[in-house]
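Before any comments, here is the structure.
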Amino acid sequence: MSQSLILWAVGAWFTIFLLLGQNVSTVLLGSGVVGVALWIGPRVFDGIIGPDIFYTASIYSLSIIPLYLVMAQLLLRGGVIVDLFRVAHRLSGYKRFPLGVATILTGGLLGAVCGSGSASAAALATLAGPELERVGYTRRFAVGLAAVSGSLSAVIPPSLIVIIYGSITMVPIGHLFIGLVGPGLLCMVVYVVCIRCFAEVKPGAVDGVKLDEHEDPRLFRRSLHAFAFVLLLMAVVFGGIYGGIITVAEAGAIGAFTALVGMVAMRRVTLKDIAISMSDSAKVTGMLMMLVIGAQIMARFLAFSRVPRELVALLEPILDQPYLLLALLMGLFFLAGMILESAAVIVLLVPMLLPLLQAAQIDLLWFGVMASFMIALGLLTPPVGLSVYAAASAARFPVAEVFRPATLFAVAAGVIVTTAMLVFPGLVTWLPSHIP
């Protein structure tokens, strides 16, 4: 079989099974195995495929994933989301715009300890949605704002897609985490401005409506303790990383242990909750590992077929125009994020584009943060929009309606934050450069 025919066959295999709804990890693994077998022959399995799988599964940086997942699951099982929003609600003074801002800030805090955009969006749609409607926002806008707030989990560290990107490119994950801080905060500011500009308010709605029922002060104190615990946890994890005191893996272990001790001490979790948290973390870790293994086998086939080198040769005329190249690549990541799960985009595109990035001498730290941000916008845009689907499902509201406000927020953040990172690279690189 000719080489061009093999490429077409592998491309057809990948496209057909992806359209049929197969898991991305299965499609990647199947495409890679078929491609390698056709290109080299079946004997290659003994000498390459097995060692590749073993090497990928034993990458040290991937061991970080279950640690942060355990921390997130324990906090979710402990009901911290409810407490964060209860404190934010009280601080907003029950007024419309401050409550919208408080929802964004709650999403940011959840992103710093949770890492799951879908879970955060669903929880905020259930908790914040009715309160946002109470102060005058339309239900569509309230659910859309919950989806937008939940999506911040992808751009506020610790982000799972950044961990996977770091394991593929060998960029220090601690530097990637700290590099996300500037763009993440700017994104939150943009979302706050969008609330003021794009808010949909019910005609005749009264601002500043307080709850009729009496609020139990003991319940609020309990929420305040949880809020303080989350701030302490963030300070320990990210302060330790930025101060060079602990590594990212050690920060994950300390964060998971601190979350366990804190939730048990505050009587937020039972033994059953802890077991469920461990089980859910193991399931997600296994799914991500299968995805990375599949991508590694696919990357091996691409290396044999010289597709990355052909891509470098094809784009050689614009290698000396980094802004044009980056614009094309950011558009590619945005489109891929619209139709694929975020981790799948990273493991599919980064190995193929890595030689191109190195040939163009693009800072991999800077590019990783930008790519992660563009993928995160896919959580808010059709046709996939996982955060939007999660929020709409939790609120039992038509998802097509929610996409309108969510897409407005995504476009505004995409234009402003991406432009800022292009014009001022220090927004990403300045903080990581000060890590000891």
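Here's the yes/no breakdown for (1) at pLDDT 80 or above; (2) surrounded by 19 or more Cβ atoms within 10 Å (Cβ to Cβ); (3) within 17 Å of the chain's Cα centre (by Cα):
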site	(1), (2), (3)
Gly182	yes, yes, yes
Leu185	yes, no, yes
Val189	yes, no, no
Cys197	yes, no, no
Arg218	no, no, no
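Could you figure out which of (1) touching a Leu at 6+ places or on another chain (Cβ under 8 Å); (2) open to solvent by 20 Å² or more (accessible area, probe 1.4 Å); (3) touching a residue at least 60 places away in the same chain (Cβ under 8 Å) isn't true of Glu401?
Single failed check for Glu401: (1).
Is it the case, given these coordinates, that Leu75 is of a type outside the set (Ser, Thr, Tyr) and closer than 15 Å to Ala390 by Cα?
no
Surrounded by 17 or more Cβ atoms within 10 Å (Cβ to Cβ), among the hydrophobic types (A, V, I, L, M, F, W, C) and at pLDDT below 80: is that true of Leu7 in this structure?
no
Could you tell me which numbered condition Gly239 fails, if it satisfies all but one of (1) surrounded by fewer than 22 Cβ atoms within 10 Å (Cβ to Cβ); (2) in contact with a Lys or Arg (Cβ under 8 Å, 6 or more places away or on another chain)?
Result: Gly239 fails condition (2) only.
Spot the failing condition for Ser281; the list is (1) open to solvent by 70 Å² or more (accessible area, probe 1.4 Å); (2) under 22 Å from Ile81 (Cβ atoms), and only one is missed.
(1)
Yes or no, residue by residue, for (1) β-branched (Val, Ile, Thr); (2) in a helix (DSSP H, G or I); (3) within 21 Å of Ile178 (Cβ to Cβ):
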| residue | (1), (2), (3) |
| --- | --- |
| Leu324 | no, yes, no |
| Trp366 | no, yes, yes |
| Val388 | yes, yes, no |
| Ser393 | no, yes, no |
| Met421 | no, yes, yes |
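Looking at Ser387 and the list (1) in contact with a Leu (Cβ under 6 Å, 6 or more places away or on another chain); (2) of a type in the set (Ser, Thr, Tyr); (3) at pLDDT 85 or above, which single condition is not satisfied?
(3)
Scanning for something within 18 Å of the chain's Cα centre (by Cα) and of a type in the set (A, V, I, L, M, F, W, C), does the stretch 351-361 turn up at least one residue?
No, because not a single residue in the stretch 351-361 is within 18 Å of the chain's Cα centre (by Cα) and of a type in the set (A, V, I, L, M, F, W, C).
Can you pull out the residues in the stretch 330-388 that are farther than 27 Å from Trp430 by Cβ, touching a residue at least 12 places away in the same chain (Cβ under 8 Å) and open to solvent by 20 Å² or more (accessible area, probe 1.4 Å)?
Within the stretch 330-388, Met338, Ile339, Leu340, Glu341, Leu348, Pro351, Met352, Pro355, Pro382, Pro383, Val384, Leu386 meet the criteria.
Run down Leu76, Leu124 and say which single residue is part of a helix (DSSP H, G or I), open to solvent by 10 Å² or more (accessible area, probe 1.4 Å) and at pLDDT 75 or above.
Leu76
Considering only residues that are in a helix (DSSP H, G or I) and open to solvent by 40 Å² or more (accessible area, probe 1.4 Å), which ones fall in the stretch 79-95?
Val82, Arg86, Arg90, Leu91 - these are the residues of the stretch 79-95 that are in a helix (DSSP H, G or I) and open to solvent by 40 Å² or more (accessible area, probe 1.4 Å).
May I ask you to list the residues in the stretch 264-277 that are buried (at least 17 other Cβ atoms within 10 Å of the Cβ) and assigned to a helix (DSSP H, G or I)?
The answer is Asp273, Ile274, Ser277.
The values are calculated or read from the model by the stated rules, or taken from the named source; none is laboratory data. Predicted model, so just to flag it, every value in this text is computed and none were measured. Quick reminder, even Gly has a Cβ in these numbers, built from the backbone with ideal geometry, and neighbours come from all protein chains shown. Just so you know, the surface numbers come from the protein's heavy atoms only, side chains and all, with ligands and any DNA or RNA stripped out. Shrake-Rupley method; radii C 1.70, N 1.55, O 1.52, S 1.80 Å.
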